[in-house]
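Worksheet: the structure to be examined is printed underneath.
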């Protein structure tokens, strides 16, 4: 076998590996172009390196443009859960008892297995409070009811 066949196979594999290591769908299309050149060189022996490089460049441009056209035609899908990965946003509206009384505007609640600092009006421990907002890792609460 000729070395140019192995070179294009290696280039294709390296581009696919680069896509796996740094996903972004760009190297994938270059890998498809290199695979196509590999197949052409395998089936049509005697192509010059210049012709092979030009074929790769042309196929790379065509594949990237086709991907961009296809990708732009699709609008971004809305997430199934808009508060996914926004833990504090999921807590807004919940009613929980105060774990530690709110004194001078600061207290603590336990939600599931986590303790959260809260700010709000002074209230005794055990009082049910409603989470109104999340400010960083602190919840703003008010007496429920």
* Asked: Is the stretch 3-73 rounded, prolate or oblate when judged by the Cα gyration tensor, a ≥ b ≥ c being the square roots of its eigenvalues, rounded requiring a/c under 1.5 and prolate requiring a/b larger than b/c?
  -> oblate
* the chain - percent relative contact order, Cα under 8 Å, separation 6 or more -> 14 percent
* Assuming 1.002 mPa s and 20 °C, estimate D for the chain with Stokes-Einstein, Rh taken as the Kirkwood radius over Cα pairs, in µm²/s. => 107 µm²/s
* Tell me, 127, 3 in order of fewest to most beta-carbon neighbours within 10 Å? -> 3, 127
* To do: Under a 10 Å cutoff between Cα atoms, tell me which one of 122, 113, 99 has the largest fluctuation in the Gaussian network model of the chain.
  => 113
* Structure fact -> Least to most buried among 130, 69, by other C-beta atoms within 10 Å and fewest first, runs 69, 130
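Between residue 106 and residue 86, what is the FRET efficiency for a Förster distance of 25 Å, r being their Cβ-Cβ separation, to the nearest 0.05?
The value I calculate is 0.60.
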* Tell me, how many Å apart are the Cα centres for the stretch 4-75 and for the stretch 103-131? -> 58 Å
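Throughout, read-outs are computed from the coordinates displayed, never taken from laboratory work. Since the model is a prediction, treat every value here as computed from it, not as a measurement. Note that each Cβ is placed from the backbone with ideal geometry, even for glycine, and that neighbours are counted across all protein chains shown.
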